[in-house]
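The values are calculated or read from the model by the stated rules, or taken from the named source; none is laboratory data. From a predicted model like this one, the values you see are computed outputs, not experimental measurements. Here the Cβ is made from the backbone with ideal geometry for all residues, glycine too, and neighbour counts use every protein chain on show.
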Amino acid sequence: MADIREILKDRILVLDGAMGTMIQRYGLEEDDFRKGWFEDHPSPLKGNNDLLVLTRPDVIKEIHAAYLDAGADILETNTFSGTTIAQADYDLEKAAYDINYHGAKIAKEVCEEYTKNNPDKPRFVAGSIGPTNATLSISPDVNDPGKRNYTFEQMVVAYKEQAKGLIEGGSDVLLVETVFDTLNAKAALFAIQEAQDELGTNLPIMVSGTITDASGRTLSGQTTEAFLISVQHADLLSVGLNCALGATALRPYLQTLKSKAPFFVSAHPNAGLPNEMGEYDQTPEMMAGEIKDFLDEGLVNIIGGCCGTSPDHIQAIAELAAKYEKVAQ
């Protein structure tokens, strides 16, 4: 198997785009989220997209293949909400391991097929580890600043189960992404280390935070540099930013990471900002035009797309990235 660490020394790698954007195009109904697994489940499941790796793997495979056809080097697993904490909203805590194992397995099968057909362009699976729907740094109750729905230890347990499923399913990399609370991310990193120690693996780890607004801070109040300092104790493959903002708005924060991070730098921004209907209007050409500034400045080693992006966006980004030589770390 090719070593992603070595490849990143030679060229920019392209991450895939949005999974949710593509799933919406299929117009799936409640039955699609239940087939063969949850047909008697008492709670509504439509919208729990992670379940589709179990109930409609054909859909997820098609989406993965579309992104590889577009030129992506790295596929994210469809496991963004694959923790017991996030799945508790659907009373499906027991499904967490299966979601991650099968999510990685599906992505790995697609990647192996494409790599076999073109060994000069190896494809990698990034096990997607989302932020959960809880926060360790901020109270959910304005009247009780000390209240927390979960402890650090409980968060570690949830992330460890997710990490094990992703590793055993065949992930090549683990991606802790859309970090809005760095304490959650630190729990994930601790859990990943424990899981890897127990399984005897040493997969590279990517961490990607999210700057929530023009203040340049995460939701839990950290600047980009503070976020970096908080996670750089880990032996990371890359640190980066994704979601919340479009490419242009992310640029100054990527400049901070590039100047200070001892790791490769990644970015997968949204297709601009959502309109009043919550939709993304930025075309592939527009987005690639903004990302060109990243590449001209040598800011990123891994580039892809988040909310609102499609295979067309990734194709435009991949074609652009191919014109640039490697970015010095």
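The C-beta contact set for segment 278-289 (first residue modelled with pLDDT of 95 or more, second residue exposed (fewer than 15 other Cβ atoms within 10 Å of the Cβ) and in a helix (DSSP H, G or I), distance under 8 angstrom, 6+ apart or interchain) comprises A288/E319. Of all the listed residues (L237, L228), the sole one being among the aliphatic types (A, V, I, L, M), at pLDDT 95 or above, in contact with a Lys or Arg (Cβ under 8 Å, 6 or more places away or on another chain) and over 25 Å from S215 (Cβ atoms) is L237. Tallying residues that are in a loop (DSSP other than H, G, I, E, B), touching a strand residue (DSSP E or B) at 6+ places or on another chain (Cβ under 8 Å) and more than 26 Å from F180 (Cα to Cα) within segment 104-150 yields 1.
Across segment 126-179, the number of residues qualifying as farther than 26 Å from Y101 by Cβ and among the aromatic types (F, W, Y) comes to 0. Restricting attention to segment 8-36, the residues that are surrounded by fewer than 17 Cβ atoms within 10 Å (Cβ to Cβ), in contact (Cβ under 8 Å) with a residue 12 or more places away in the chain and either part of a loop (DSSP other than H, G, I, E, B) or of a type in the set (V, I, T) (or both) total 7. When segment 81-103 is filtered for residues that are out of contact with any Pro (no Cβ under 9 Å at 6 or more places or on another chain), touching a residue at least 60 places away in the same chain (Cβ under 8 Å) and either farther than 15 Å from K160 by Cα or not in a helix (DSSP H, G or I) (or both), the ones remaining, listed by number, are G82, T83, G103.
Looking at segment 319-326, can you tell me whether even one residue there is modelled with pLDDT under 95, in contact with a Leu (Cβ under 6 Å, 6 or more places away or on another chain) and not in a loop (DSSP other than H, G, I, E, B)? No - not one qualifying residue is present in segment 319-326.
Going by the structure shown, is A321 within 13 Å of T248 (Cβ to Cβ) and crowded, with 23+ Cβ neighbours inside 10 Å? It is false that A321 is within 13 Å of T248 (Cβ to Cβ) and crowded, with 23+ Cβ neighbours inside 10 Å. Scanning segment 209-267 for residues that are among the hydroxyl-bearing types (S, T, Y) and either in contact with a Ser or Thr (Cβ under 8 Å, 6 or more places away or on another chain) or outside any helix (DSSP H, G or I) (or both) yields T210, T212, S215, T218, S220, T223, T224, S230, S238, Y253, T256, S266. Screening V125 on (1) more than 23 Å from S266 (Cα to Cα); (2) in contact (Cβ under 8 Å) with a residue 40 or more places away in the chain shows it passes everything except condition (1). Evaluating A88 against the criteria (1) within 17 Å of N48 (Cα to Cα); (2) in contact with a helix residue (DSSP H, G or I) (Cβ under 8 Å, 6 or more places away or on another chain); (3) small (G, A, S) leaves one unmet condition, (2). Annotation: P262 fulfils all but one of (1) modelled with pLDDT of 95 or more; (2) farther than 30 Å from A226 by Cβ; (3) under 22 Å from the mean Cα position of the chain (by Cα); (4) surrounded by fewer than 16 Cβ atoms within 10 Å (Cβ to Cβ); the unmet one is (2).
Considered as a group, the residues in segment 151-175 that are assigned to a loop (DSSP other than H, G, I, E, B) and touching a strand residue (DSSP E or B) at 6+ places or on another chain (Cβ under 7 Å) include one that is surrounded by the fewest Cβ atoms within 10 Å (Cβ to Cβ), and that residue is G170.
Contact map, segment 144-158: first residue more than 11 Å from N184 (Cβ to Cβ), second residue in a loop (DSSP other than H, G, I, E, B) and of a type in the set (S, T, Y), Cβ cut-off under 6 Å, separation 6 or more or different chains; pairs are P145/S139; K147/S139.
Taken residue by residue, segment 111-134 has no member that is under 16 Å from L52 (Cα atoms), basic (K, R), under 17 Å from the mean Cα position of the chain (by Cα) and crowded, with 19+ Cβ neighbours inside 10 Å. Checking each residue in segment 272-289 for being part of a loop (DSSP other than H, G, I, E, B) and hydroxyl-bearing (S, T, Y) picks out only T283. The number of residues in segment 290-317 being part of a helix (DSSP H, G or I), surrounded by fewer than 22 Cβ atoms within 10 Å (Cβ to Cβ) and in contact (Cβ under 8 Å) with a residue 12 or more places away in the chain comes to 7.
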